[in-house]
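The structure appears below as structure tokens.
The values are calculated or read from the model by the stated rules, or taken from the named source; none is laboratory data. Worth saying up front: this structure is predicted, and the values here are computed from it rather than measured. FYI the Cβ positions are ideal-geometry reconstructions off the backbone, even for glycines, and counts take in every protein chain you see. Accessible surface areas use protein heavy atoms only, side chains included; no ligands, DNA or RNA. Shrake-Rupley method; radii C 1.70, N 1.55, O 1.52, S 1.80 Å.
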Amino acid sequence: MPDTPSTPAPGVPADPSPSAGAPGPALWRPVALRAAVALAFGAVTVFWGQPTTAGAAWALGAYFVGLAVAQAWQLREEGRSAEPEARPSGAQRTVASAAYGLAAAVAIALGAAPEPIVLAVGGAAALVLTGASDLFRGIAGRGGSALARDEVITGVVHLGAGAILPFFAGLGAHALLGVSGGGAIITGVLLAIAGLSLRHDSSPRGVVA
């Protein structure tokens with residue numbers, strides 16, 4: 001009986017199974033959504049010249065709800081990865097879900113008491129929660145997750161913005177949105193690049209004859 005050839009004949013497509021460490025084909029989509037949410041919020045903070053405190057509170061609420069939706073979608077796509085080491089652990093899922101869910105709840109609650117100090121403290125809490133989650137996931141996912149390095153950076157940016165936000169409470173809604181929006185623009189640009197890279201990596205390669 002003739003041996004089965006180890007390589008395909010010329011003109012025959014290779015085995016389409018994913019290579020080791022390749023990201024899931026749809027992981028770029030939630031990353032792109034988070035980038036879009038962050039950049040949209042950043043644009044609002046730049047072009048909204050005289051925001052009211054109530055308006056700033058609802059803008060922050062919408063921002064963190066958008067981040068929570070994107071994070072939930074990302075966890076789902078990561079869980080479908082063909083590579084076990086690329087899938088988030090139970091601890092990572094729990095931390096990310098709890099942190100982003102609580103951050104969204106805190107941000108939405110800001111609309112009930114739209115005062116600068118409340119906005120500063122609540123916004124800082126939401127930023128610290130999401131930042132700590134990203135930092136934890138980035139460190140825990142090294143060697144397996146395609147987004148580990150990006151999550152470390154977004155975590156540090158969120159933690160930094162959260163740490164300084166309360167010091168701007170006396171400057172009003174515009175300053176508070178400026179600090180939050182500055183961090184959002186940084187993470188939005190970073191994640192937009194990451195999403196484009198993931199999309200390119202997951203695109204089917206052309207067949208070489």
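Couple of notes before you dig in:
- Charge tally around GLY131: other residues with Cβ under 12 Å, Lys/Arg +1 each, Asp/Glu -1 each, net -1.
- Here the accessible area is traced with a 1.4 Å probe on the protein chains. For the stretch 39-168, carbon and sulfur cover 69 percent of it.
- Sequence-distant contacts, meaning Cα pairs under 8 Å at least 6 residues apart, place the relative contact order of the stretch 91-141 at 53 percent.
- Most tightly packed first, judged by the mean number of other beta-carbon atoms within 10 Å of their residues, the peptides 135-144, 59-68 read 59-68, 135-144.
- Accessible area per residue for the stretch 103-208 is 45 Å², calculated with a 1.4 Å probe on protein heavy atoms, without ligands, DNA or RNA.
- Taking only alpha carbon atoms, the stretch 72-192 gives an Rg to Rh ratio of 1.03, where Rh is the Kirkwood radius.
- Gyration tensor over the Cα atoms of the stretch 129-209: the corresponding equivalent ellipsoid has semi-axes (square roots of 5 times the eigenvalues, largest first) of 34, 16, 5 Å.
- When the P(r) is computed for the stretch 17-119, the part past 24 Å accounts for 36% of the Cα-Cα pairs.
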